[in-house]
2 protein chains.
Amino acid sequence: MSALPTRHEIARMDAQDPLGDLRDRFLLNEGEVYLDGNSLGVASKDALAELQDATHTEWSRDLIRSWNIAGWFDLPLELGDRIGRLIGAAAGQVVVSDTTSINIYKALHAAIGLRQGRNVIVAEAGSFPTDLYMAEGVISTLPHMSMRLEGRDGARLEDLIDDQVAVVLVNHVNYRTGELRDMAALTRKIHAAGALVVWDLCHSAGALPVELDAAQADFAVGCTYKYLNGGPGSPAFVYVAERHLGHVDQPLSGWWGHARPFAFETGFAGDPGIRRFQCGTQPILSLRAMKGALTIWDEVDLQALRGKSLALTDLFIQLVEGQCAGLGLTLQTPRDHALRGSQVAFSHPHAYEVMQALIARGVIGDFRAPDVLRFGFTPLYISFADVAQAAEVIRDVLVKETWRDPRYGVRAAVT
Amino acid sequence: MSALPTRHEIARMDAQDPLGDLRDRFLLNEGEVYLDGNSLGVASKDALAELQDATHTEWSRDLIRSWNIAGWFDLPLELGDRIGRLIGAAAGQVVVSDTTSINIYKALHAAIGLRQGRNVIVAEAGSFPTDLYMAEGVISTLPHMSMRLEGRDGARLEDLIDDQVAVVLVNHVNYRTGELRDMAALTRKIHAAGALVVWDLCHSAGALPVELDAAQADFAVGCTYKYLNGGPGSPAFVYVAERHLGHVDQPLSGWWGHARPFAFETGFAGDPGIRRFQCGTQPILSLRAMKGALTIWDEVDLQALRGKSLALTDLFIQLVEGQCAGLGLTLQTPRDHALRGSQVAFSHPHAYEVMQALIARGVIGDFRAPDVLRFGFTPLYISFADVAQAAEVIRDVLVKETWRDPRYGVRAAVT
């Protein structure tokens, strides 16, 4: 292994970082290294400023008139197009609405409707569980359908795709390991079998360049409160390829998906565009904070973002492995750049306690059962100095076995 | 007709109003009379203060830790119980989640699951349309079901309920006319036919006392951004009677409805309680504003609320009819208190233009096609002086035919 970079070399990485100026736009706690932006992104000054406008001017003063004059009603489309630019989707194919779970339900139903006669959903056993739960929910209403899972009995995804498969629901980046899939190649394989794909972008949107249109993806869903920094629980997005719009159906046929929502017609007539994937009235205050959070992306080159993300995770792996050899950590994230998202996972036999000890020392990552320490790197606000500080604290906690403090074994309900 | 109350008598009504002190807790525009709280409730100081905490302390400083320490994860249950006290629901039966439309979908599926072998949903042609659209969505996944509509070919609701009916979806207060249904009596009739009921409380929750448990209601849904003042598009609630919990199923089976959401199990196992009616991660900023908005209800006696609501609408009807005789208005709201919600509707052949002219004069109500002027009265912040001012402006606009100004004929996309 080559010599570890010096403090001076790390300072130079920050000095040369093309995204380095963006850090000041976020509200970071002094002295803390926040490596959990892949769970909840940090608040930006822009987000809070827009929310202030939304509460003090739009809600308090203009009230009901804001549906028109502040553009509340079209906000889901406006934000959808804004996110579309980050995920390689031309305008008119993305809308912000509801939750990732509910958007999975819409997308699976829509895909199955386009592939009648086929009766299988393929998904991943290692998926974030709600993807599987929502697929179960779809099957509960369409009992001719069944599910095949990658990872169950060692099955590989590619081997599960045949002419019975209607749709494949797959994560772009695995939420635990950070492994990145090749979207274009897998989409081609799925299409070759006559099936459709729903990409879950929860851990890739805003973390790296995504090219939905170029990959010929059919549907995608994703959340906005991780790398997009939209705020806690901010509504999710759904993408439908333009070639499917106007031909697709989904059962959450609420008034915001109607072609003429204000005609108050008795019968449902779906909008021919992406509005069809809306359902009911959206939480405007959360959307307005998200609008503020998204403004920064006008200044971000996604290739520079990806370059910094890989440099951050490379440095983190190098420092942790170099400084913590023999201390029980095993890298779970691929070393190959082509297979890595913007997070790094290490397993450790006492991962839960180690993470609690790290958090107490101001290095915020998270634990994922059974034994994973997960660290997310948001290139907009994480510096190379943060990475060095985190690696030092990890080493210190492991060397001193700080994690054996019984306080760190007490499990909270939510982490 | 008896003499109209004088300005002095109206001032005395305000002086004697037991809820009069609450008005100062809201951010009202000077000189404006806001009679559209049944579309979007007014911001309160409490709501904005709580939102400030949520953004500046919980999100910005405590970040991911707020899921535990600020109680974000249980907020939907906490707010659900808080709303439960306003709608006659004992604790553990109400949760705040998603939108009214999506909650209708959950409740209809759940009810149909409890009444297998029956194949009819009964609803109202005069319902707010999304109720009907969502019922269509349910039927799209359960094609053995069909719908019967009150008001189609003159059908009365009671005549449509027989032993084929699984569930009746019915509005407590009609969104256009303000007509109030007798919840206990109609629920008894529905149960006598072996069917279940889903009550839509959008226009009654926070407007008048609701007694779901006492009426033996099965399910209910409602919104929080009207009389509950939760903020634009704040998430909706759903009620499931305790006797059904543990036996009901609904297909939006997301991770927040799992019995052990943080065990990250591959298979779905529904929570036996009201959590089962959650689905995905909720928009916390919108929920935190709602939490602030709901604090005022600890000080509100619901009988006093109802008394003031009826006094406000009585006065409004009396003044408008007394001052505007022969000017084209026809009352659409029942005079009988037992049949009236907290809103008053008048039809007028040029209702759209009249409402635009009123709004320009600072009397904010709304137009509902084809010819309805709709005025909502939120007893927490509307005064008797407001009612008198509104009635005077209405008279002035009608006498002077201000509404003939061509500006008022231009229809905006949303009102």
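Quick note: the coordinates plus some simple rules give every number you see, no bench work behind them. Everything quoted here is computed from the prediction, not taken from an experiment. Cβ placement follows ideal geometry from the backbone for every residue including glycine, while neighbour counts extend to all protein chains displayed.
Some notes on this structure:
- Over segment A:125-198, relative contact order from alpha-carbon pairs under 8 Å, at least 6 apart, %: 31
- Most mobile listed residue (B:Glu265, B:Glu136, B:Glu50) in chain B, GNM with C-alpha springs under 10 Å: B:Glu265
- In this structure the amide hydrogen of B:Gly222, modeled in the peptide plane, comes within under 5 Å of the amide hydrogens of B:Leu201, B:Phe237, none closer than 5 places in sequence on its chain.
- Karplus 3J(HN,Hα) series, Hz, for segment A:360-373 with 6.51 cos²θ - 1.76 cosθ + 1.60 (x for Gly, Pro): 4, 9, x, 10, 9, x, 9, 9, 10, 4, x, 8, 9, 9
- Anisotropy class of segment A:184-297 from Cα gyration tensor, a/c 1.5 cut: oblate
- Taking amide hydrogens as placed 1.01 Å from N in the peptide plane, the amide H of B:Thr378 sits under 5 Å from those of B:Gly37, each at least 5 positions away in sequence or on another chain.
- Percentage, to the nearest whole number, of Cα pairs in chain B over 30 Å apart: 44
- Residues whose amide H comes within less than 5 Å of that of A:Arg340, counting only those at least five positions distant or on another chain, are A:Leu180 (H built at 1.01 Å from N in the peptide plane).
- Stokes-Einstein D for the protein assembly as shown, Kirkwood Rh over Cα pairs, 10 °C, 1.306 mPa s (µm²/s): 57
- Within the listed set B:Ala351, B:Ala259, B:Ala220, the residue fluctuating most in the Gaussian network model of chain B (springs between alpha-carbon atoms under 10 angstrom) is B:Ala259.
- For the cross-link pairs A:Lys308/A:Lys400; A:Lys189/A:Lys308; B:Lys45/B:Lys106; A:Lys45/A:Lys226; B:Lys226/B:Lys291, the ones whose C-alpha atoms lie over 23 Å apart are A:Lys308/A:Lys400; A:Lys189/A:Lys308; B:Lys45/B:Lys106.
- Euclidean distance of C-alpha centroids, segment B:293-365 and segment B:16-87, integer Å: 25
- Gaussian network model of chain B, Cα within-10 Å springs - most flexible of B:Gly246, B:Gly230, B:Gly154: B:Gly154
- Per residue, the average separation of C-alpha pairs within less than 8 Å and at least 6 apart gives segment A:117-262 a relative contact order of 17 percent.
- Per-residue Karplus couplings for segment A:109-114, computed as 6.51 cos²θ - 1.76 cosθ + 1.60 with θ equal to phi - 60°, are listed in order as 4, 4, 5, 4, x, 7 Hz, Gly and Pro entered as x.
- Segment B:251-396: C-alpha gyration tensor shape, a/c 1.5 cut-off, then a/b vs b/c: prolate
- Given their separation in residues at 0.36 nm each and the Cα-Cα distance between them, A:Ala3 and A:Gln318 gain 112.4 nm when the chain is fully extended.
- In order along segment A:275-292, phi translates into HN-Hα couplings of 3, 4, 9, 8, 9, x, 4, 9, x, 5, 4, 5, 5, 6, 5, 4, 4, x Hz, rounded to whole numbers, per the Karplus curve 6.51 cos²θ - 1.76 cosθ + 1.60 with θ = phi - 60° and x for Gly and Pro.
- Helical content of the protein assembly as shown, expressed as a calculated mean residue ellipticity at 222 nm, amounts to -9500 deg cm²/dmol (DSSP H runs of 4 or more residues, -39,500 (n - 2.57) each, divided by residue number, nearest 500).
- Efficiency of FRET between A:Asp396 and B:Leu339 - r from beta-carbon atoms, R0 60 angstrom, step 0.05: 0.25
- Kirkwood Rh (inverse of mean 1/r, distinct Cα pairs), segment B:34-83, angstrom: 12.6
- Normalised by the number of residues in chain B, the mean separation of alpha-carbon contacts (under 8 Å, six or more apart) gives a relative contact order of 22 percent.
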